[in-house]
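The values are calculated or read from the model by the stated rules, or taken from the named source; none is laboratory data. These figures come from a predicted structure and were not determined experimentally. Positions of Cβ are generated from backbone atoms using ideal geometry, with glycine treated the same way; all protein chains shown enter the neighbour counts. Surface accessibility is based on the protein's heavy atoms, side chains included, excluding ligands, DNA and RNA. Shrake-Rupley method; radii C 1.70, N 1.55, O 1.52, S 1.80 Å.
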Amino acid sequence: MSFRDRVAYDAEAGTYHDGAMRYMFIKPEALMGIALAMPAEQRPAVIDAMAESVRVAGGKSAATYQSAGADEAEKLLAVIRETSGQLGWGKWDIALTDDTLTVTVEGSPFAAGFGASDFPVCGPIRGMLTAVSAMIFGGPTRVTETACASMGADRCVFEAVPEQQG
């Protein structure tokens, strides 16, 4: 069952839930405006804080997907790919090898909401991939945004590798 089929709206409470997980809608420019409201030298730290927050919260979501039957890497990645698009996080193309997870994102809402930048701004995607890649590789990983639409790239590209690789 897809995310859109699972999500339930409670009009009386004004809430959306996928099981016990609560969701909400927010415009990308409103979310990324948090970083833009900070002095320029503090913006990368705000993006890193977003990444860490999503690593923790998104990791709980991924663990729920994993325990609901997406226990193999390819199954988990299929759920993540489908759910990310249905959440409005862009179109994800995912490639997995023995030692690298590469994710290409077209239409990142984080890049769109931030605008032009001289550093990668898709911290929430980086955070989610940090959680998911740790599940896939069985330990800590390092996720790098190697291309970002905010920096002029056509799409955002992320690479996750187990930490022991470097």
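For the range 48-63, enumerate the residues that are closer than 25 Å to LEU36 by Cα, in contact (Cβ under 8 Å) with a residue 12 or more places away in the chain and surrounded by fewer than 18 Cβ atoms within 10 Å (Cβ to Cβ).
Selection gives ASP48, ALA49, GLU52, SER53, VAL56.
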| task | Mind listing whichever residues of the range 85-126 are among the charged types (D, E, K, R) and more than 12 Å from the chain's Cα centre (by Cα)? | result | ASP93, ASP98, ASP99, GLU106, ASP118
| said: For the range 12-31, give me each residue that is hydrophobic (A, V, I, L, M, F, W, C) and open to solvent by 70 Å² or more (accessible area, probe 1.4 Å). | reply: ALA20, MET24, PHE25, ILE26
| task | Count, please, the residues in the range 64-100 that happen to be touching a strand residue (DSSP E or B) at 6+ places or on another chain (Cβ under 8 Å), open to solvent by less than 40 Å² (accessible area, probe 1.4 Å), in contact (Cβ under 8 Å) with a residue 60 or more places away in the chain and of a type in the set (A, V, I, L, M). | result | 1
| field | Of all residues in the range 1-11 being open to solvent by 60 Å² or more (accessible area, probe 1.4 Å) and free of Cβ contacts under 8 Å to residues at least 12 places away in the same chain, the one that is nearest to ILE80 (Cα to Cα) | value | MET1
| message | Let me confirm something: among ALA68, ALA49, which residue is at pLDDT 95 or above and of a type outside the set (Ser, Thr, Tyr)? | response | ALA49
| Residue check, GLY139 free of Cβ contacts under 8 Å to residues at least 60 places away in the same chain and among the small types (Gly, Ala, Ser) | yes
| Total residues in the range 151-160, condition open to solvent by 10 Å² or more (accessible area, probe 1.4 Å) and either touching a residue at least 60 places away in the same chain (Cβ under 8 Å) or closer than 12 Å to SER108 by Cα (or both) | 4
| field | Residues satisfying the stated conditions in the range 112-127, i.e. closer than 19 Å to THR83 by Cβ and open to solvent by less than 20 Å² (accessible area, probe 1.4 Å) | value | CYS122, GLY123, PRO124, ILE125, GLY127
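Can you go through ALA35, ALA30, ALA8 and tell me which one is of a type outside the set (Ser, Thr, Tyr) and more than 28 Å from GLY115 (Cβ to Cβ)?
Selected residue: ALA8, the only one of ALA35, ALA30, ALA8 that is of a type outside the set (Ser, Thr, Tyr) and more than 28 Å from GLY115 (Cβ to Cβ).
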| Tell me, which residue of the range 32-47 that is open to solvent by less than 50 Å² (accessible area, probe 1.4 Å) and hydrophobic (A, V, I, L, M, F, W, C) is nearest to ILE136 (Cα to Cα)? | ILE47
